[in-house]
Amino acid sequence: MGGQLRIRLGVPLTEQEAALVRLVGRIRTTRVAIQSPAAILSFLLFLAAGPGSDGTVQAQETTGSTEATVAGAAMGLYAGAALGGLASLVPCNQTLAGISCVRTVAVLGAGIGLASGVTLGREDSDAIWDAYRRAGVGFLAGSAVVLALEPFVDRWSWADVAAGGVIGSSIGAGGSGAWIGLVLGMGVGAGLWQVIPSMEMPDAIGVGLIGMAVGGFTSWIIRAVDAGDSPASDLPVLQFDVAVPW
Amino acid sequence: MLVVIFCASCTVSHRMQPVGPRDVRSQAGAVAMVEGTAEHGEYPCEARREGEGEGVRWFGPQREPDRRALAAWCSGVGPVEFRPYPASDGSLSSQPLNSGFTVVTWNVHVGGGDLVGFLGDELEYVCDAREPRKTKRHFALLVQEAHRASSSVPEVPEGAPARDRITAAPPDGPRLDIVQVAEKCGLALLYVPSMRNGTEAGELGREDRGSAILSTLPLTEPVAIELPFEAQRRVTVVASVPGPGGSELRLASVHYDVAGNILRVLGTGGSMRVRQNDGMTEALDLMDPERAIPIVVAGDLNTWSYRETVVQRMLETYPDSPPPGNEKTRGNWPPDHLFFRAGAGAFGLVEDSYRVVDDAYGSDHKARLATFY
């Protein structure tokens, strides 16, 4: 028994963007293979739960703008890279590839974030500015957490505070999905840690970070898809294939 | 964030070079000797390295920020302590080497670990000048967080980094520094301090701490490898012991960093220990490019899992190593490991001899040991 669950995520393009893509001549697809059973479980759990959707129907028409598109690209790139990098720290540092693995996942995450941010910015400026506000709150919260830890740790520096801010802002930009993913992921990780003898405590934390990333990306993608129209059949899409072995 | 991760690749270089009074520079594969470089004035700690450690070869990172940081930490430590010969004792020297050679790795928590008690109980080696020294087999101890109290340890220069003082003591018996243990037990010693143990003097004087090798066999070819800087100055201590038929076994006592700050962890993708290990491996390969000399590399890697990248890399570099195992040697963590490469030598690992010592003997780490034939 066994197989592969393939999930295709697509970002619709405008006519101008489609023309540019045709000019470039290639549409790239990116595949991600999730190998870890814990990651598979987390991924399926959070996709099924569909975290990140705001759950409200916009009564008024949303509009995008060039500024929001650029800002969305920047925020998506940043948050996607951060979420991908954080999620990959524990699993990648148990492979021979090490930092190469982390970089690969961070780049992949940046790509997903970039595509989502561009789409969202083109369609819904408010959503982008909301993401920035949440990122700002997240930065302050993350920095405050590390500041509060100062009396209790042997080594502490202002660089740690900045790092806490970076982590907090990427979670904030990811919206509720990231938070839900982090909490539920920690729970799943803690449970697996008790059940699987070879699993260490950092692995449990790693599952939490993976849940955070999955929830955050799902949140970005759902917001982007919700904000846009369905693509015309003759327009190309940027595709991301996620292959989950089971 | 991407910029941080990619720029961090600029700061994760582990390129190494020999350092010392006669800098040997590698240029496009060729090696040229350069006498008395101007760099020694720039980094005064270079001169301190010579100290009383006759003939100790030094290796260190090429990258300037690493060398500056290492020099700052080095400025507060004393000189190398190298006593190449064990105390003369007819009963011990007659012990045949082919009865096996035990290598122990142990982080002794800056005096907390009872080395004398450990030697007596685990290796049946009595550290008493009144008793003839005898043991089942020769051994070497690769020690981390050894300390030394001495007037040769200088005042800490203004602004130089110094760790908080650790004054752990064994549950039974006095707190002995590594030199006192070597003298009491009649062992050969190579001790290279890596950092200061507090700024103020203790009962027996100012202290520094670092890694060491103690042995019942003479130590030759002493080497100190300053590792690429992450959170603290780390120095790997290397020496050789003689084997049967004129062969030699190289020993390396290592101690890697836990982590730098969180930003460093994010920026390097968690590869701090890999970088330090890559630097050490490169230095060892500079000494033995053919990888022909049998070598045991052991110590406190500060790993949180036996599956960590650095452990996997070392298993590749030292393919004759025992399986790392998941035994916890410090609390709920498995930071201590031993690796072995037989090379072209006559040494081999005795099967099933690799184990964790159950009793921590007052340290916060348990020792690991293995026997070689």
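The values are calculated or read from the model by the stated rules, or taken from the named source; none is laboratory data. None of these values were measured; they are calculated from a predicted model. When we count neighbours, we look across all protein chains shown, and the Cβ atoms used for this are built from the backbone with ideal geometry, even at glycine.
Taking the criterion of being under 14 Å from the mean Cα position of the chain (by Cα) and away from chain A (no Cβ under 13 Å), would at least one residue in segment B:255-266 satisfy it? Yes - at least one qualifying residue is present in segment B:255-266. Of the residues that make up segment A:36-52, is at least one within 23 Å of B:Glu308 (Cβ to Cβ), at pLDDT below 50 and β-branched (Val, Ile, Thr)? No - not one qualifying residue is present in segment A:36-52. Could you go through segment A:109-120 and let me know if any residue there is of a type outside the set (Ser, Thr, Tyr) and under 30 Å from B:Gln276 (Cα atoms). Looking for residues that are of a type outside the set (Ser, Thr, Tyr) and under 30 Å from B:Gln276 (Cα atoms), one finds at least one in segment A:109-120, hence yes. Scanning segment A:142-199 for residues that are more than 24 Å from A:Ala224 (Cα to Cα), β-branched (Val, Ile, Thr) and more than 10 Å from chain B (Cβ to nearest Cβ) yields a count of 5.
Filtering segment B:154-183 to residues that are charged (D, E, K, R) and under 21 Å from the mean Cα position of the chain (by Cα) leaves B:Arg163, B:Asp164, B:Arg165, B:Arg175, B:Asp177, B:Glu183. Among the residues of segment B:247-259, is any of a type in the set (D, E, K, R) and modelled with pLDDT under 95? Yes, because at least one residue in segment B:247-259 is of a type in the set (D, E, K, R) and modelled with pLDDT under 95. Take the conditions buried (at least 22 other Cβ atoms within 10 Å of the Cβ), outside any strand (DSSP E or B) and within 14 Å of another protein chain (Cβ to nearest Cβ) and apply them to B:Asn302. Does it pass? Answer is yes for this residue.
For segment A:89-131, a tally of residues being within 21 Å of A:Gly215 (Cα to Cα) and not in a helix (DSSP H, G or I) returns 1.
Every residue, every condition in (1) under 18 Å from the mean Cα position of the chain (by Cα); (2) basic (Lys, Arg), yes or no:
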residue	(1), (2)
B:Asp285	yes, no
B:Ile295	yes, no
B:Trp304	no, no
B:Arg313	no, yes
B:Phe340	yes, no
B:Gly343	no, no
B:Asp364	yes, no
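Right, B:Arg275: among the basic types (Lys, Arg) and within 14 Å of another protein chain (Cβ to nearest Cβ) or not? Criteria met by B:Arg275. Look at segment A:115-143: where a residue is among the acidic types (Asp, Glu) and a partner is part of a helix (DSSP H, G or I) and at pLDDT below 90, sitting 6+ places away or on another chain with Cβ atoms under 6 Å, you get A:Glu123/A:Ala227; A:Asp124/A:Ala227. Taken over segment B:241-267, the criterion of being among the small types (Gly, Ala, Ser) and assigned to a loop (DSSP other than H, G, I, E, B) is satisfied by B:Gly243, B:Ser247, B:Ala259, B:Gly260.
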